[in-house]
Each structure stands twice: as C-alpha cells, then as structure tokens.
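The values are calculated or read from the model by the stated rules, or taken from the named source; none is laboratory data. As the structure is a computational prediction, the values presented were derived from the model and not from experiment. Note that each Cβ is placed from the backbone with ideal geometry, even for glycine, and that neighbours are counted across all protein chains shown. Just so you know, the surface numbers come from the protein's heavy atoms only, side chains and all, with ligands and any DNA or RNA stripped out. Shrake-Rupley method; radii C 1.70, N 1.55, O 1.52, S 1.80 Å.
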Amino acid sequence: MDRMLANETLGEIGQAVSVAGWVNTRRDHGGVIFVDLRDQTGLVQLVFNPDRTEIFKLAETLRDEFCISARGTVRERGVGLENPNITTGKIEIIVEDLEILNKSEPLPVATRDEGQSSGEEMRLKYRFLDLRRTSMQKMIQRRAQFNKIIRGYMDEHDFVEVATPILANSSPEGARDFLIPSRIHEGKFYALPQAPQQFKQLLMVGGLPRYYQIAACFRDEDPRADRLYGEFYQLDLEMSFVDDGEIVRRMVEPLMIDLVTNFAKKKLLTKEIPRIPYVEAMEKYGTDKPDLRYAMELIDLTETFAETNFKVFQTDCVKAICVKNGANLSRSQIDQFTEIAKNEGAGGLAYLTLENGEIKSPIAKFLSEKELQEITEKTGARDGDAIFFGADERAKVNKILGNLRIEFADFYKLKNPDEIALAWIVDFPFYEFDENNWLGRGGLEFGHNPFSMPKGGLKVLRNAKTDAEKLSIVADQYDMVMNGYEVCSGAVRNHSPEIMYAAFGAINYDKKYVEEKFGAMLSAFKFGAPPHAGCAFGLDRIFMVLMGTENIRDVVAFPKNGSGVDVMMGSPSTVDKKQLDELSIKNIEKS
C-alpha cells in the first residue's frame, strides 16, 4: 500500500493515512501505548488504544527497531501535549491497523543520537544500524545534495561528464598502487587508478574541450582522521586550450564559494580568495596548507641575532611565534609543547613571557637589551603574551614552529568551525631533494608530479645546470587550502614530448624510462596536443569540513576503520587457493 512519509504533512485532521518505518521508542501510559515511528524524514507519534484488542496486543510486543507499517486517522494532539521539537509535533495517528514487517533482535549499537553513543569500531561493524541514526541519515542526504550542486555547476559551464577506466596501468604518482593480477595475461597486473590523470589529459588530446567526473580514486596510503583508507572521491576536471592556472582557479572559485555560503551556510573569512606563493606559505606558516582563521605567523629574527652571544641562536635561522595570552601557560603545559617541538626534531623550546611590563624567561639573561626590544617589536608582543622560538636549519625551524602554531590554535580554541578560510597556494617548486627517489637513490625528484608545466617551459629546463638552479624552477601548479586542509590540487599540464623528456632528463631519467612509464601519453602528445590545465578536489575532505566534523569516517556511508579494515564485511580477507592458482599467485609468509 502507498504510505505517507513521517515528516511530511500527513493531511487534514480526520484523514486516513498509511505510514511505515522503524519503532524509535515505545511507551505505555495508563493503558494507552505510544510509539514514535521513524523513517528517513523524521518522527510521527502513533497511538494504540486498548479498545482495539488485537491491535493493542500486537503493539505490546513492539520493541525498538521493529520494522512496521500502520494505518490510522490523523488527529490533533491535546493542549499541552504538543512536541515542538519535531515537525509533526502537533498531530498524532490513532492506529486502526498494524503489521509487523520484521522484528529486531536486541541492538548491539545505538540507532539514536540521543543518549549513550557507541564506540567507532562497533559503529563500523554494525554500520547498517549506525546509518539509521538521524544524524547519519541527514549526512547521506546532504552528501547527495552536495554532489547535485557540483554536477549542476559543471553542466552549466559546459563540462562533459566522462567515466574513465577503473582497471588501469600502474603509474608512479607518489602513493602505492592497488595491483590487480590478470588471469588472462599471466604475470601482468592492472592497477586501480590513483587519479584519472593520464586519461583526462588524453581526453583533451581527443578534442574534448572540458571534462569532469566525480571520480573514484584508489591509493594504498595509511589512513588518518582526514584521509580514508584505500578509496576516496574527487571532482576531477580538465580544460583545453588553457595555459595559465589562473583561468582554472577563476573557473572553480564560484562553485567553492557557493558550497561554503549557500550549501553549508558558513561564513567566508575573506571575500577574495588569496593567492599565496609556496615559499611565502612555508616562511609565514611553516606549512603549504595554512589555516588562516588565526594569526600567529612565523616571524624571522635571524638578523636580530646575527651577532648574538647566545649560542643557541647562533645558527642558520631563528624564528618566533607570538602566542596571545600565552603568559598564563603553566610550566607543565609549556613542557607539553616542548615535547611536541622535540618530536619534530627540536633540541628544546626557548620562550619569553611578558608579564606586568617585564620580560621573564630562563634565556632573558643571555640576550641584550637591543635583542629583547627587537623581539617584542617584530613579534608585536604585548603584556600577557608569550614568544616561542625555533633555531636551526631554516626548513626545520619552519616545520617545528608550523606544527606548534597548529597546536597552540587547538589549545586556545582559535579555530571557528562556522568560518571557512580558503586560499590558493601557488608556484610550487618543480623539483625537490628526495633521499629515496623512484630510482632508489638520493637526488632531485619531482616536487609533485611529472605532468606539471614548469614556468618558462623548455628554456628554463635547458638553462638550469646546477642542482641549485633546478631547485629554483617553479611549476605552474596550485593547491586550494580550506581551514588547514589541502582540498584541491591542480596544474597547467606538460603537453609537449620535448619538454617531458627534458624535465625527466634534468634529474637523470633517460628517454627509455619515460617511454616505458608514459608511452601512451607521449604518443598522444605527438599528434597536435592542445595546451590544457585542470585540477581535482577531494570531495570527502571538503564535505567533512563543511559539515563541521574532524573525522572523515563520519561523512562516508561505508568507511574502513583506522587500520584500513572493513569490520562489517570482513575485508581484506583470505581467498581460496583455487582463485590464487588461476592467477598464478602464491602467498609467501614473511618471517
């Protein structure tokens, strides 16, 4: 029979209706049974009177999460009995017919948000029950709305949705591949795509002006609170005849602003999304994904201590951060932050506090009056503040203070969850030093991926002779950052075989290696490949931030746990020897 949804208008008072859903709660009140019936739209109250003997007896057997259907008449609740917390709080249904569609065993996890919550491992094991919680129902519905807005925007701007292959080739793009052995081609493997990178570039060569898809991507990376294990979804897009990353950035910005302000109803920190060069981000914030909702920029004091007598500061780089109201930190709290700094490689954590017009610190006696004055002037410290220092090799100092900046922001609760700070990080280094590059030896390696176009093209690659000159090459590459999370990565692509050979050759990869790894792309680029550029947004992470949670598993229907295990379905699992034999695979037990 047709049924009404619980949270919809159930019709006029006195109208006969049918409803179906799950028993949220059952209450016996003076010979009358009340049941809150729940479906994905909300709750409605059912009333069972004892004058309907058979129906009443059946209602007495109802327990939480029984799946039922009921037919009855809508009536207005009595004065003072309304429930303002639900949409249907002014009415109830007097039940005339009841059917138990399916019973439920005692629940291993909570199916309501109210009351005691279940642990994450149990929630994931019984995810099919956990999904019944109102908050999870709303999360799934909101995710569908989120995807709909994205698809609508892309369609409106003439992007064509194309599904690219899931069984692909293995490609060294930074993370480990998931390999799929081929039964037909013995000894050979497919790989699940880390991203549709090569396919979308080939679509540009194929004449498609604008491409997009909400793509499933697969990477064998360790899970984190902001990163799912194994699989994730991204908005992947590419544009032909584009040789400037700013064109892509301007194209996608309105979509992100709409998702923040209209979909999530959050406040943007700045009307215009800033562009921050990579080097500036590292120097100011100690990270290439800075959270701009709070200040505490890294202040360079190297010149201040150029002639210092304090041996700790007689080093390559000295920087500081000013923590507002930091003077109220206890000794044990400072020790905790010191341990954080040590875990990042610091020898210790020097600091000053400004209290009642005086500078107090174990290191103050080693510093001159001029140095103390410059410290307070350059950091903008005021009475009640604390200044924490990093002194070492520059990159190390940036990393240590960058992490402390985040820790202090968490400690002082400076991250406003209703505010969204967006920024573009641009001009990434084309190369970087890697102690263990693809060839297994220390040396220069691509800073991000080999598909980006170096600014200056072939000329800049040919003119760079030394490692220092190569490290100064900048890629037309860009990331979007949202509240301290990287949520997008993109670039103008290298569409020229000559430039690709030169880019690899500059770091000692020969043509044979390039042709072996990227033969399909090289071949395509020889046939009139247009310039093109694009980007990819991490949709799970963006949705997580917009929904105000810090655990990405909260916004996905069926995530794996923190160890990469699907505790509900029992994967990964062993397989039959017959299946392994068909694939010519043998398990070798590690000692």
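Things worth noting here:
- Considering only VAL260, ALA175, LEU522, and ranking their Cα positions along the charge dipole of the chain that arises from unit charges at the beta-carbon of Lys, Arg, Asp and Glu, the one farthest toward the positive end is LEU522.
- Additional length obtainable on full extension of the chain from LEU179 to LYS459, 0.36 nm per residue less Cα span: 97.0 nm
- The stretch 458-520 - percent of accessible surface contributed by carbon and sulfur, probe 1.4 Å: 49
- Shape call, the stretch 526-580: gyration tensor on alpha carbons, a/c limit 1.5: oblate
- Span from the the stretch 445-505 Cα centroid across to the the stretch 524-591 one, whole angstrom: 27
- For the stretch 195-239, the alpha carbon convex hull comes to 61 Å³ per residue, rounded to a whole number.
- The string of couplings for the stretch 353-363 from the Karplus curve (6.51, -1.76, 1.60, θ = phi - 60°) is 10, 10, 9, 6, x, 10, 9, 10, 4, x, 9 Hz, one whole number per residue in order, with x for Gly and Pro.
- Taking the Cα atoms of the stretch 188-334, the ratio Rg/Rh between the radius of gyration and the Kirkwood radius comes to 1.09.
- When the alpha carbon gyration tensor of the stretch 34-174 is reduced to an equivalent ellipsoid, the three semi-axes, largest first, read 42, 21, 15 Å.
- Computed [θ] at 222 nm, deg cm²/dmol, the chain (DSSP H ≥ 4; -39,500 (n - 2.57); rounded to nearest 500): -8000 deg cm²/dmol
- Residues LYS512 and GLU186, FRET efficiency given R0 of 25 Å [Cβ-Cβ distance, rounded to 0.05]: 0.50
- In whole percents, the pair-distance distribution calculated for the stretch 235-318 from its alpha-carbon pairs, binned every 10 Å from zero, is 13, 28, 30, 14, 12, 3.
- The stretch 264-403 - charge dipole about Cα centre, Lys and Arg +1 at Cβ, Asp and Glu -1, debye rounded to 20: 740
- With bins 10 Å wide beginning at 0, the percent of Cα pairs of the chain falling in each bin runs 3, 13, 19, 20, 19, 13, 8, 4, 1, 0.
- Cβ-Cβ distance of ASP222 and LEU580, R₀ of 25 Å, FRET efficiency by 1/(1 + (r/R0)^6): the value works out to about 0.45.
- Since only ILE473, SER496, PHE428 are under comparison, the one whose Cα sits farthest along the positive direction of the charge dipole of the stretch 401-507, derived from C-beta charges on Lys, Arg, Asp and Glu, is SER496.
- Summing +1 for each Lys or Arg and -1 for each Asp or Glu among the other residues whose beta-carbon sits under 10 angstrom from that of CYS322 gives +1.
- Rg over Rh [alpha-carbon atoms, Kirkwood Rh] for the stretch 479-527: 1.16
- Lys/Arg +1, Asp/Glu -1 at C-beta; the chain dipole; positive extreme among VAL575, LEU329, LEU269: VAL575
- The label point for LYS148 and the one for ILE86, both projected 7 Å from the Cα toward the Cβ, are 2.4 nm apart.
- Percentage relative contact order, the stretch 320-373, counting C-alpha pairs under 8 Å, at least six apart: 21
- Its relative contact order, with pairs defined as Cα atoms under 8 Å and 6+ residues apart, puts the stretch 526-591 at 13 percent.
- Candidates per GluC sites (Glu not before Pro) in the stretch 393-480, loop by DSSP, up to 15 other Cβ within 10 Å: GLU393, GLU435
- A straight chain from ASP243 to PHE34 at 0.36 nm per residue would run longer than the Cα-Cα distance by 68.6 nm.
- Each residue, GLU432 and ILE340, gets one label point 7 Å from its Cα in the Cβ direction; the gap between the two is 2.2 nm.
- Geometric extent, Cα atoms of the stretch 421-519 - Rg, Dmax (angstrom): 14.0, 45
- Cα long-axis angle, helix 511-525 against the chain (0 to 90 degrees, to the nearest 10): 60
- Pairs from the table (LYS271/LYS396; LYS148/LYS271; LYS200/LYS266; LYS378/LYS459) lying more than 29 angstrom apart at Cα are LYS271/LYS396; LYS200/LYS266; LYS378/LYS459.
- The stretch 399-421-the stretch 281-295 distance, computed between alpha-carbon centres (Å): 10
- Computed about its Cα centre, the charge dipole of the stretch 133-212 is approximately 480 debye, with only Lys, Arg, Asp and Glu carrying charge at their Cβ.
- 10 Å-binned pair-distance histogram of the stretch 113-260 (Cα, whole percent): 9, 27, 32, 22, 9, 1
- Per residue, the chain exposes an accessible area of 51 Å² to a 1.4 Å probe, with every protein chain left in place.
- Label point distance in nm, ASP51-SER332, each placed 7 Å from Cα along Cα→Cβ: 6.7
- Between GLU12 and LYS271, the FRET efficiency from the beta-carbon distance, with R0 = 56 Å, is close to 0.70.
- Counting Lys and Arg as +1 and Asp and Glu as -1 over every other residue whose Cβ lies under 11 Å from the Cβ of VAL426, the net charge comes to -3.
- Apportionment of accessible area to carbon and sulfur, the stretch 75-223, percent (1.4 Å): 51
- Radius of gyration, Dmax [the stretch 287-406; alpha carbons; angstrom]: 13.3, 37
- Within the same chain, aspartates and glutamates fewer than 8 places from LYS311 are excluded, and of the rest, those with a Cα less than 16 Å from its Cα are GLU303, GLU371, ASP392, GLU393.
- Our estimate of slack between GLU114 and ALA163, defined as 0.36 nm per intervening residue step minus the Cα-Cα distance, is 13.5 nm.
- Size of electric dipole in the stretch 31-76: Cβ of Lys, Arg +1 and of Asp, Glu -1, about Cα centre, debye, nearest 20: 120
- Rg/Rh ratio calculated on Cα atoms of the stretch 25-65 (Kirkwood radius): 0.98
- Each Cα pair under 8 Å and six or more residues apart adds its separation to the average, and for the stretch 99-138 the resulting relative contact order is 38 percent.
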